[in-house]
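What follows is a single structure, written as structure tokens, with notes after it.
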Amino acid sequence: MHADPKGVLTGVHFIDGDHAACEGALAAGCRFVAGYPITPSTEIVERFAHRIPKVGGVFIQMEDELAASIAIQGAVWGGQKVMNVTSGPGLSLMMEHLGYAFITETPCVWIDVQRCGPSTGMPTGPAQHDMMQVKWGSHGDFQIIALCPNSPQECFDFTIRAFNMAETWRVPVFLMMDEVVGHMTERVDIPEASEIEVVERKWTKKKPGEYKVYETTPEDPVPEMVKAGDGYRIHVTGLTHNEKGYPDMTVPNQERMLGRLIGKITQNAHKLVDVREDGVEGADVVVVSYGITSRVAMAAVEQARAKGAKVGSARLVIAWPFPAERMKEIARTAKVFVVPEMNMGQMVQEVERAVAGAAKVVSVPHAGGSVHEVDTILNAIMEAAR
Amino acid sequence: MAKTEIRVGGLGGQGVILCGSIIGKAAAIHGGKHATLIQAFGPEARGSACSAQVTVSDDVIGYPYVKNPDILVLMSQDAFNQFIPQLKPGGMVLYEAELVKPDGKLPEGVRAMGVPATRFAEELGRRLVLNIVMVGFFAGVTGLLPFEAVEKAVLDSVPRGTEELNLKALKKGYDFGREQAV
């Protein structure tokens, strides 16, 4: 289906990534946010609070991050599309409810505008410090999807994509922004509502009495949903549950439930991964990057090519699930992977794991607070190409 | 690929960010170029020093920050003192002539031009539009962007009911800039 025109600010804009992400959410049909604003994500909820009365929906400022991250999940079961907006310190507090969204299969979008950590760190300093936290930070075993925009335009486009993926797979979907992407202002083209594809929730057609809240088939591991108050008796819990949603804390049921939940992503990873490649075929050196770093990396790749190096770029548009199979394939021809990140070396560990010694992997860390210098990445490429 | 890096500096309340935003908007929306605006966050945004970084390019912009600007647009002495050392050799300095005194601190080979933007704005009736005078001056001196593109960007950016005043301010700065550039 197409976007509801009420939420779509069609036109050409000069706005920052935070505002663009908010517009993406509105275009995707997000009509409820419970927020606890934090730098550098504040402008997302600020704009949402400003826009939502005209679009038709609700913004609530909550008392803390725990309340924010669970109130949105209540709204999902009330039928709304929602997003959870925060930055590192807030995300740490929300980790309990990330697991809850996963086990209850509550479709929701989480936007993390990453800043320097650890702890309070540098609130207005960019970083890519939370890449592993979103993958592993909540206790128990879980899976998420994480998209990495590198421009305000992509903040708009990828937020819509994140909402569509959340509805399709019923897992928390992360938009991994950073302070630069969030606060940089660039041209953003917002199309007509009729040109924006929006995935509707997978509502059941079954009658009350026939419907089981977590019933699935071997062909389709994603259950159908209903809305609280529509006459269906449903039970939603963070305990290990059966098809009816009731606690069923047995070893076989735990295995069945968790196997399906994890499998939704791991067995469909080939459909989900998105690597944007440039000149990877025949390259000796391949630069793997994501988010704002991918733009700086591309500038370095172009300079390295001008110096005669055979270098390609593989940009992780989706960091989670990680494109391990593709990395393995690239390692058959590439000699060295160069991995710049605005952290002390996080996704590089995934590259190393996937490549498993078939090629050399070089980390180009940055503690954060600024993007890499082009020269830093260029030097790493030239060193690798020697 | 032609790339121009600009730093706009001044005090909170002078419209420094809007000045940068209009230049970026004129380039990216009305001028057929790429533009990236980065604004200073932190204490700068709350009353004291304030600055914006604008990159205008024919090609996609990779590195988003402006470290060594080609052009400085300065509206306070503090901004002048802070940013002059960063200017590229042979770069250009455009400054508010009554608030900034270069006093021989300009590096050799730098083109520096002043405009009494605050006074012009006051003569037009509102001191507030000094940043639009600066935008006009920038457009007139540099010729980086077509006047029409800047005009449209101003109209997109200013509150309703103030269009006429702002366009006058833009034209005033632009004409003064054209004269200086000759």
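Rolling a 1.4 angstrom probe over the protein heavy atoms with all chains in place gives the protein assembly as shown an accessible area of 40 Å² per residue. Near B:Lys152: Cβ cut-off under 12 Å, other residues only, Lys/Arg at +1 and Asp/Glu at -1. The net charge is -3. How would region A:1-88 be classified by its alpha-carbon gyration tensor: rounded, prolate or oblate, with rounded meaning a/c under 1.5 and the a/b versus b/c comparison settling the rest? The shape class here is oblate.
Were the residues from B:Asp175 through B:Arg119 laid out at 0.36 nm apart, the gain over their Cα-Cα distance would be 18.6 nm.
For every other residue with a beta carbon closer than 14 angstrom to the beta carbon of A:Ile381, add +1 if it is Lys or Arg and -1 if Asp or Glu, then tell me the sum. Here the charged neighbours net out to 0. Note on chain A: antiparallel DSSP beta bridges, both residues inside, total approximately 30 percent of the bridges counted. Sorting A:Tyr100, B:Tyr65 by solvent-accessible area of protein heavy atoms yields A:Tyr100, B:Tyr65, largest first, with a 1.4 Å probe. Rg over Rh of the protein assembly as shown, using C-alpha atoms and the Kirkwood radius, what does it come to? Radius of gyration relative to Kirkwood radius: 1.02. Candidate cross-link partners of B:Lys67 among the lysines, defined by an alpha-carbon separation under 28 Å and a same-chain spacing of 8 or more, comprise A:Lys307, B:Lys3, B:Lys25, B:Lys33, B:Lys88, B:Lys101, B:Lys105.
For chain A, the relative contact order works out to 17 percent when only alpha carbon pairs closer than 8 Å and six or more residues apart are counted. Taking only Cα atoms and a 10 Å spring cutoff, compute GNM fluctuations for chain B and point out the largest among B:Gly31, B:Gly91, B:Gly104. Looking only at B:Gly31, B:Gly91, B:Gly104, the largest GNM fluctuation is found for B:Gly104. Measuring spread by the Cα atoms of region B:3-181 yields a radius of gyration and Dmax of 14.7, 44 Å.
Top mean-square fluctuation among A:Ala306, A:Ala359, A:Ala166, Gaussian network model of chain A, C-alpha springs under 10 Å? It is A:Ala306. Building the convex hull from the alpha-carbon atoms of region A:225-296 and averaging its projection over directions returns 9.1 nm². Over every Cα atom in region A:180-276, the radius of gyration and the widest Cα-Cα span, Dmax, amount to 18.7, 54 Å. Cross-link reach is defined here as a Cα-Cα straight distance under 19 Å, omitting same-chain residues fewer than 8 places apart; for A:Lys310 the aspartates and glutamates meeting it are A:Glu277, A:Asp278, A:Glu281, A:Asp284, A:Glu302, A:Glu329, A:Asp375, A:Glu383. Remark: spin-label model distance A:Arg332-A:Thr250 equals 4.6 nm, labels positioned 7 Å along the Cα→Cβ axis. Taking a quarter of the surface of the Cα convex hull of region A:276-385, what do you get in nm²? Result: a mean projected hull area of 5.8 nm². Karplus-based coupling profile of region B:168-178, in residue order and whole Hz: 4, 4, 4, 5, 4, x, 5, 4, 4, x, 4, with θ = phi - 60° in 6.51 cos²θ - 1.76 cosθ + 1.60 and x standing for Gly or Pro.
Rounded to the nearest 500 deg cm²/dmol, what is the calculated helix-only ellipticity per residue at 222 nm for the protein assembly as shown, with -39500 (n - 2.57) per DSSP H run of length n ≥ 4? Dividing the helical sum by the residues of the protein assembly as shown leaves -11500 deg cm²/dmol. Normalised by the number of residues in chain B, the mean separation of alpha-carbon contacts (under 8 Å, six or more apart) gives a relative contact order of 22 percent.
What net charge do the residues around A:Glu23 carry, taking every other residue with its C-beta under 9 Å from that of A:Glu23, with Lys and Arg at +1 and Asp and Glu at -1? The answer is +2.
Rounded to the nearest whole Hz, the Karplus-based 3J(HN,Hα) values (6.51 cos²θ - 1.76 cosθ + 1.60, θ = phi - 60°) of region A:72-78 follow the sequence 4, 6, x, 5, 4, 6, x, with x at glycine and proline. Set against the 2.2 N^0.38 Å expectation for a compact globular protein, region B:50-151 has a Cα radius of gyration ratio of 1.10.
Per-residue shielding of B:21-34, expressed as the average number of other chain Cβ atoms within 10 Å of the residue Cβ, stands at 3. Here the simple spin-label model places points 7 Å from the Cα toward Cβ, and for A:His2 and A:Ile262 these points are separated by 4.3 nm. Full extension of the chain segment joining A:Lys205 with A:Thr237 gains 9.2 nm, where the gain is 0.36 nm per residue of separation less the Cα-Cα distance.
The values are calculated or read from the model by the stated rules, or taken from the named source; none is laboratory data. Being a predicted model, the structure only gives us computed values, none of them experimental. Methodologically, a virtual Cβ is constructed for each residue, glycine included, from the backbone with ideal geometry; neighbour enumeration extends over all protein chains shown. For the accessible areas, the whole protein counts, side chains as well, though only heavy atoms, and no ligand, DNA or RNA atoms are used. Shrake-Rupley method; radii C 1.70, N 1.55, O 1.52, S 1.80 Å.
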